[in-house]
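What follows is a set of notes on a single structure, which appears directly below.
The values are calculated or read from the model by the stated rules, or taken from the named source; none is laboratory data. Being a predicted model, the structure only gives us computed values, none of them experimental. Note that we place each Cβ from the backbone using ideal geometry, even for glycine, and neighbour counts take in every protein chain shown. Please note that ligands, DNA and RNA were not included when accessible areas were found on the heavy atoms of the full protein model with its side chains. Shrake-Rupley method; radii C 1.70, N 1.55, O 1.52, S 1.80 Å.
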Amino acid sequence: MINGTIDNQYMAVPTVFLPVQNITKDNLQVVVNSGFYTWQQICAPDPASAVCGEHS
């Protein structure tokens, strides 16, 4: 699982680098599909937003 190291100026610390994915309004379903948030949680602050209107 270790796939790299980070030098903390004392030693090379074994590190796990995770893949990064930018989240935008166009791929917000990635967050929902992963189970991290539900559409209800995402839309709670502004249910009338364009993104939430598409997923209500």
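For segment 1-54, which residues satisfy the criterion of being part of a helix (DSSP H, G or I) and open to solvent by 100 Å² or more (accessible area, probe 1.4 Å)? Walk me through it before giving the result.
If we filter segment 1-54 for residues that are part of a helix (DSSP H, G or I), which is where we start, we get 29-33, 39-43, 50-54.
Result: 33, 40, 41, 54.
Which residue pairs have Cβ atoms under 9 Å apart, sit 6 or more places apart or on different chains, and have a first residue in segment 18-40 that is touching a residue at least 60 places away in the same chain (Cβ under 8 Å) and a second that is loosely packed, with under 11 Cβ neighbours inside 10 Å and basic (Lys, Arg)?
none
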